[in-house]
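Engineer: My structure is below; once you've seen it, I'll send some questions.
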Amino acid sequence: MKITLKKILLFLILLSFSCNTGNLTVIADLPSSLKEVSAAETTTFSDLLWVIEDAGNKNRLYGLNEKGEIKREIKISNAKNKDWEDLTSDIEGNIYIGDFGDNHKKRKKYRILKVKHPKKKTTKITPKHINFTLPIDIKSLDFEAFFLLNDFFYLFSKNEKHGKLFKVPNTVENHEAIFMTNFNLKGKNNKITSAAISNDNKTIALLNHDKVWLITNFKNDDFFKGDIRVLEFNHDSQKEGVCFKNDSTLYITDEKSHGKGGNLYELKIE
């Protein structure tokens, strides 16, 4: 079959459209074995993108390269995946798994699993447990988003319109979460499914299925008095993971559902 220059150009145009979804750039398909990726995180001392799956899936931490290939698979021992929802990390390369999802809002106890910086040949790690409850006057909540800043975890509840922000100390013991503030991200469809903070601690990203909120110019942990900018994707899928590739670029993942999604995206934010 004769391939003309016109056909080549048409193919390149179609390819460019397939790799761009709104202002998101698809850089890889996620492995078909990982259908419910619920979080993503980059860490110090590793060039891999770490991901987990949510409730009912294996208690595994996966390290992917930028092609979406699984390069590491680590079993998290003695820690059932009750509802793993988000990841964060510290400057020592330790990874923290947020086991605090609660779709039915019936949980009384929540936990964060501290996974020691994975060595190159490690295939199994027993984590330390950071347990917490909510203040007695606050009913059970669903959480899917958190990050670590100045030795505190900041957790954002997954509520329509009126969310709640809490903080929990990064120490291995039992805590009562400290209520910080209510917040209201304007507009429709504003449930937060993942959160991240840049390495310079100057930009916060809060993810939703069709947008990301970027918060800058905040003082201490008074986040919602900072400047809030919304980037809409023009693309709606079950986006559940966000982290910073660098201070100007986000990685975003979505679950595979109804024949779409299951991708690793990049998003330039500057």
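Just so you know, all these numbers are worked out from the coordinates, no wet-lab data involved. Because the structure is predicted, anything quoted here is derived from the model rather than measured. Here the Cβ is made from the backbone with ideal geometry for all residues, glycine too, and neighbour counts use every protein chain on show.
Engineer: Tell me, how many Å apart are the Cα centres for region 195-261 and for region 99-125?
Structural biologist: Each part reduced to its Cα centre gives a spacing of 21 Å.
Engineer: OK, next. Whole-Hz Karplus ³J(HN,Hα) for region 241-249, in order, using 6.51 cos²θ - 1.76 cosθ + 1.60 and θ = phi - 60°, x for Gly and Pro?
Structural biologist: x, 9, 7, 8, 6, 8, 5, 10, 9
Engineer: Now, a different point. For region 27-268, what is the percent of antiparallel DSSP beta bridges, rounded to the nearest 5? Don't skip to the answer; put the middle values down first.
Structural biologist: Details: 74 of 79 bridges.
About 95 percent, rounded to the nearest 5.
Engineer: Moving on. Per residue of region 97-114, what does 6.51 cos²θ - 1.76 cosθ + 1.60 with θ = phi - 60° give for ³J(HN,Hα)? Whole Hz please, x for Gly and Pro, Karplus curve as stated.
Structural biologist: 9, x, 9, 9, x, 7, 4, 8, 6, 10, 6, 10, 10, 10, 8, 10, 9, 8
Engineer: What FRET efficiency would be calculated for the residue pair residue 26, residue 136, taking the C-beta separation as r and a Förster radius of 41 Å, to the nearest 0.05? Please list the in-between numbers first.
Structural biologist: On the way: r = 46 Å, r/R0 = 1.12.
Given R0 = 41 Å and the Cβ-Cβ separation, E is 0.35.
Engineer: Going down the table (58/109; 105/186; 225/256; 119/191; 35/188; 58/119), which pairs top 29 Å between alpha carbons?
Structural biologist: Details: 58/109 21 Å; 105/186 24 Å; 225/256 35 Å; 119/191 35 Å; 35/188 27 Å; 58/119 20 Å.
Table pairs above 29 Å Cα-Cα are 225/256; 119/191.
Engineer: For residue 243, enumerate residues with amide H under 5 Å from its amide H, sequence gap 5+ or separate chain, H modeled in the peptide plane.
Structural biologist: When sequence neighbours closer than 5 places are left aside, the close amide H contacts are 251.
Engineer: Taking the structure as given and computing Cα extents along the principal axes in Å, which label from (i) 72, 44, 35; (ii) 80, 36, 34; (iii) 60, 42, 38 fits?
Structural biologist: Among (i) 72, 44, 35; (ii) 80, 36, 34; (iii) 60, 42, 38, the one calculated here is (i).
Engineer: Roughly what angle does helix 5-18 make with the longest principal axis of the chain, taking Cα atoms, 0 to 90 degrees, to the nearest 10?
Structural biologist: 10
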